Amino acid sequence: MTREQQRKLKELKQNLPQILKSNVKSYGLKKKDYMVWYQKDDVYFSLLIDIREKDGHCYCVSEERIKPLWLDDLFWDIMDMPENKSEPLSLRCIGAFAIYGMTSFECEQDLPEWSAEELKKCVITYIEHFHQYCNNSNIENYYSIFDSSAYQGDIQEILILLHRQEYQKALKYIQSMENGGQFENKGICFKNYAEKYCKKHIRHGRRWKIFK
């Protein structure tokens, strides 16, 4: 990048939060830091809008995500972080200990002039698209695009199995993981937490059968 391009990119990044703030409210959406989010029934939607330079060009990019609300709740129970469930809903899109969800839409638009006017038009287009997606989607949209090979897909696969109370199947999946599962709390990784959680529910299920 030239110095002029660096200057313009810096200005655009500085302008982005205010442009977002000025446009999300009219759509009934929420904003926290660099993220836009919306909650409908048992579904959580989030939108990331960013500005990037590539090969001397400036781009405004967007990524829409979707996930069930219970996904983070269950994850926090497993990771011994239940207090997070009482935090503001925005934590589910900006928190370090939040599940990514599935990407439902991605876009990249060139900003030829590197201008605030171009950025504003692009941001409004992205927000309108996100708003329409939120209105027309439900929990089934998450399952229809679910991909265990996606980012955090293995963790989400485990959480889905646990949510369905398929503990034996979940345990087998957990034990086959080649790593700890990205997250760690109190020196314990997600894999170990999830295995402990699974075994606890399997033991509880066996005791229930005995007393039944």
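The values are calculated or read from the model by the stated rules, or taken from the named source; none is laboratory data. If you're wondering where the values come from, they're calculated on a predicted model, not measured in any experiment. Reconstructed Cβ throughout: ideal geometry from the backbone, glycine too, with neighbour counts over all protein chains shown. Each accessible area value is taken on the protein alone, full model and side chains, heavy atoms only, with ligands, DNA and RNA left out. Shrake-Rupley method; radii C 1.70, N 1.55, O 1.52, S 1.80 Å.
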Problem - Flag for residue 60 being in contact with a Cys (Cβ under 8 Å, 6 or more places away or on another chain) and in contact (Cβ under 8 Å) with a residue 24 or more places away in the chain - result: yes
Problem - Hey, residue 105 outside any helix (DSSP H, G or I), modelled with pLDDT of 95 or more and either over 30 Å from residue 80 (Cα atoms) or open to solvent by 40 Å² or more (accessible area, probe 1.4 Å) (or both) or not - result: yes
Exercise for the section: Among what's in segment 132-148 and is part of a helix (DSSP H, G or I) and open to solvent by 50 Å² or more (accessible area, probe 1.4 Å), pick the residue that is nearest to residue 71 (Cα to Cα). Expected result: 143
Fill in the blank from the handout: Within segment 54-86, the residues that are open to solvent by 30 Å² or more (accessible area, probe 1.4 Å), within 18 Å of residue 170 (Cβ to Cβ) and either hydrophobic (A, V, I, L, M, F, W, C) or not in a helix (DSSP H, G or I) (or both) are 70, 80
Practice task
Could you check, for segment 88-102, whether at least one of its residues is in a helix (DSSP H, G or I) and either farther than 15 Å from residue 48 by Cβ or small (Gly, Ala, Ser) (or both)?
Solution key: yes
Fill in the blank from the handout: Of (1) without any contact (Cβ under 8 Å) to a residue 60 or more places away in the chain; (2) touching a helix residue (DSSP H, G or I) at 6+ places or on another chain (Cβ under 7 Å); (3) among the aromatic types (Phe, Trp, Tyr); (4) open to solvent by 20 Å² or more (accessible area, probe 1.4 Å), residue 97 satisfies every one except (1)
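Give the residue that is most open to solvent (accessible area, probe 1.4 Å), with candidates limited to residues of segment 26-44 that are hydroxyl-bearing (Ser, Thr, Tyr) and in a strand (DSSP E or B).
Filtering segment 26-44 down to residues hydroxyl-bearing (Ser, Thr, Tyr) leaves 26-27, 34, 38, 44.
Pick out the ones that are also in a strand (DSSP E or B) and you get 38, 44.
On the way: 38: 57, 44: 2 Å².
Among those residues, the one meeting the criterion is 38.
State all residues of segment 122-131 that are touching an Asp or Glu at 6+ places or on another chain (Cβ under 8 Å) and open to solvent by 40 Å² or more (accessible area, probe 1.4 Å); if no residue qualifies, say none.
Step one: list which residues in segment 122-131 are touching an Asp or Glu at 6+ places or on another chain (Cβ under 8 Å), which gives 129-130.
129, the sole residue that qualifies.
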Practice task
List the number of the failed condition for residue 137; all other conditions in (1) more than 15 Å from the chain's Cα centre (by Cα); (2) over 30 Å from residue 6 (Cβ atoms); (3) without any contact (Cβ under 8 Å) to a residue 12 or more places away in the chain hold.
Solution key: (3)
